[in-house]
Amino acid sequence: MTFDPEAVREFERAGWNKAAATYESAFATATRCFIPALLDAAGVTAGRRVLDIACGPGVVTAAAAERGAAATGLDFAPAMLALARTRHPALMFDQGDAETLPCPDASFDAVVSNFGIHHVPRPALALREALRVLRPGGHLAFTIWAAPADNLAWKLLFDAIARRGDMAASDAPPPGGGFATGAACEAALAEAGAAAIETRTERALWRHADAASLLRAFQTGTARMAALIAAQDPASLPAIAADIAAAAAPYRDAGGLAVPIAAIVASGVKR
């Protein structure tokens, strides 16, 4: 399938608009785990001007504001922005695209994106734009999910679909080349012109009552993974859920499931 950046953009926009209503109670329970490390990597402290790219319902924007920063959120999905403005009426949220930021040069002290850059059709272009709007010496930081080998929630889902469903069922357009490793993040930041580049892996536990809750979080709180699940034969979904439940048994405790997840935090400084 030929890569079409506009097809990717519209697929992602539609997926995140659809996920907006349930995102906070579904997938944000995973992404929230890595907000402190992201903001630390970007040096977000009181008085700094911060842009949160792909802000969704404004969770990271609000966390930056709680540190005393002057934070602005930006997203291309109207439903996510409507939710952010409702949840955080005192904060600023703008509609815009990561590849063409509607911001002047050198207008922020820090730019962050929590699991957003790899959803952009051309992530390298988004990184260049992020550096453009940073002042010299400003910090850019973003997160991506670690590989399934380190990210057990993803491995549970992918393995179950591979065994009980069809990993090739989704007709989603191919992504534009999001990053999969720390080394890839470092190379992209270097190509974009960043200095003082660093990456590190952060780990957390994603808690769920049971395997059905884990599957539901992917179904209702994501775009590309939700499309993969939706493309499965409905008759196979109970077997997929049962496979996840069986494989997740080692991660069960008195409170339900505590599934290991991991993210790569990448950062750089504008020269």
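Every number here is computed from the coordinates shown, using simple stated rules; none is lab data. Computed from a prediction, not measured in an experiment: that's the story for all the values here. As a convention, Cβ positions derive from the backbone with ideal geometry for all residues, glycine included, and neighbour counts pool all protein chains shown.
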Problem set entry | the range 91-205 - Kirkwood radius from inverse mean 1/r over Cα pairs (Å) | 16.0
Exercise. Which value, in debye to the nearest 20, describes the size of the charge dipole of the range 142-261 about its Cα centre when Lys and Arg Cβ atoms bear +1, Asp and Glu Cβ atoms bear -1, and nothing else is charged?
Worked result: 280
For this session: Can you give me the three principal axis dimensions of the range 167-271 from its C-alpha atoms, in Å, biggest first?
Result: 53, 37, 18
Exercise. With θ set to phi - 60° and the Karplus curve 6.51 cos²θ - 1.76 cosθ + 1.60, what are the ³J(HN,Hα) couplings of the range 34-43 in order, to the nearest whole Hz, using x for Gly and Pro?
Worked result: 10, 5, x, 5, 4, 5, 4, 5, 8, x
Seminar exercise, completed: In debye to the nearest 20, the charge dipole size for the chain, taken about the Cα centre with +1 at each Lys and Arg Cβ and -1 at each Asp and Glu Cβ, equals 500
Exercise. Helix 78-87 versus the longest principal axis of the chain: what is the Cα-based angle in degrees, 0 to 90, to the nearest 10?
Worked result: 80
Problem set entry | Cβ-placed point charges (K, R +1; D, E -1), dipole of the range 16-117 about Cα centre in debye, nearest 20 | 300
Exercise. Under 17 Å from a point 7 Å along the Cα-to-Cβ line of Ala231: which residues of the range 146-177 have their amide N that close?
Worked result: 157-177
Exercise. Quick one: helix 237-247 against the long Cα principal axis of the chain, what's the angle to the nearest 10°, folded into 0 to 90?
Worked result: 80
For this session: Decide, for the range 66-128, between rounded, prolate and oblate: order the square roots of the alpha carbon gyration tensor eigenvalues as a ≥ b ≥ c, take rounded if a/c falls under 1.5, and otherwise choose prolate if a/b is larger than b/c, else oblate.
Result: oblate
For this session: Set Lys and Arg Cβ to +1 and Asp and Glu Cβ to -1, take the dipole of the chain about its Cα centre, and tell me which of Ala82, Gly165, Ala187 lies farthest positive.
Result: Ala82
Exercise. Out of Ala204, Ala217, Val259, whose Cα points farthest toward the positive end of the dipole of the range 187-271 (charges: +1 Lys, Arg; -1 Asp, Glu; placed on Cβ)?
Worked result: Ala204
Exercise. To the nearest 10 degrees, how steep is helix 211-221 against the longest Cα principal axis of the chain, on a 0 to 90 scale?
Worked result: 40
Seminar exercise, completed: So the FRET efficiency between Ser213 and Met92, C-beta based with R0 = 25 Å and rounded to 0.05, is 0.15
Problem set entry | D_trans [Stokes-Einstein, Kirkwood Rh over alpha-carbon pairs] for the chain, 37 °C, 0.692 mPa s, µm² s⁻¹ | 174
